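Enquirer: Here's a structure for you.
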Amino acid sequence: MKRNTDLLLAFMLALALFFALCTGKVYAKTVNVLAEETDRKVVCLTFDDGPSSLVTPVILDILEDEQVPATFFLVGRQIEGREEIVKRMVREGHSIGIHTFTHEYEKIYASKESLLKDIELTRRKIDALTGISPKIYRFPGGSFSIREELKSAVKEQGYTYIDWNACCRDGEIKNASPDRLVQEAISTSKEKNKVILLLHDSTTHKATADALPSIISYYREQGYAFSKL
Ligand SMILES: [Zn+2]
């Protein structure tokens, strides 16, 4: 009987290893990085507004080369035609969060009902494609100026909304060079042990992909560990 149990255990371990190898990279999962009570330096790279055909695959290639996990907050209506890109994110061990279906502020923030509908549409789209029902959410524009009523509604649905405490300002500075984006990421991360960095992977953000290797190098040199959410 003991031998059978040992064999079963060995088989299960082998199976787990097999799946780990098949799925490629297996990244350590760290949730609530900012809440951790340690001095460990951790950075979470978070990408909003994708997937895009032009920029997201380049970013995924870089993350794969660098062996760095990231978190993608997706726009539901952009998934159509880019299903393989989203599947690749999951296959390569990245986290998926909900951003919005339409990204049209007037529509989604009109009422609690319209916000929840926008979130649910995105959740269903991601779930149907990947089997994952994300639990993390990022308000378009961040939660900073969002009405309490809407923040509570999101929490009541079981979501954790996640903002950022550093950014490369790729959403603000028009036609910024990759070097400028790297400098912005560095200056907004200064003195922070836990960094959630906002980046974008929509179609107009080629410079962000170009800046990414240097951004990763900077955090690595500064002794940060990379985590997804
Ligand atoms: Zn956005």
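Enquirer: Is one or more of the residues making up the range 82-101 touching a Cys at 6+ places or on another chain (Cβ under 8 Å) and not hydroxyl-bearing (Ser, Thr, Tyr)?
Expert: no
Enquirer: Within the range 109-129, can one find any residue that is surrounded by fewer than 20 Cβ atoms within 10 Å (Cβ to Cβ), farther than 24 Å from Gln67 by Cα and within 14 Å of the ligand (Cβ to nearest atom)?
Expert: The initial filter retains those residues of the range 109-129 that are surrounded by fewer than 20 Cβ atoms within 10 Å (Cβ to Cβ), namely 109-114, 116-117, 120-121, 124, 127-129.
Cutting the leftovers down to farther than 24 Å from Gln67 by Cα gives us 109-114, 116-117, 120-121, 124, 127-129.
Those left that are additionally within 14 Å of the ligand (Cβ to nearest atom): 109.
Checked against the condition, which is being surrounded by fewer than 20 Cβ atoms within 10 Å (Cβ to Cβ), farther than 24 Å from Gln67 by Cα and within 14 Å of the ligand (Cβ to nearest atom), the range 109-129 yields at least one hit.
Enquirer: Would you call Glu104 within 16 Å of the ligand (Cβ to nearest atom), out of contact with any strand residue (DSSP E or B) (no Cβ under 7 Å at 6 or more places or on another chain) and without any contact (Cβ under 8 Å) to a residue 12 or more places away in the chain? Show your work before the answer.
Expert: Values: within 16 Å of the ligand (Cβ to nearest atom): yes; out of contact with any strand residue (DSSP E or B) (no Cβ under 7 Å at 6 or more places or on another chain): yes; without any contact (Cβ under 8 Å) to a residue 12 or more places away in the chain: yes.
Yes; evaluated as a whole, the condition is true for this residue.
Enquirer: Another one. Out of curiosity, is Ala225 surrounded by 17 or more Cβ atoms within 10 Å (Cβ to Cβ) and either modelled with pLDDT of 95 or more or more than 16 Å from the ligand (Cβ to nearest atom) (or both)?
Expert: Judged against the criteria, Ala225 is not a match.
The values are calculated or read from the model by the stated rules, or taken from the named source; none is laboratory data. Here the structure is a predicted model, which means the values were calculated and not measured. Backbone-built Cβ (ideal geometry, glycine too); neighbour counts: all protein chains shown.
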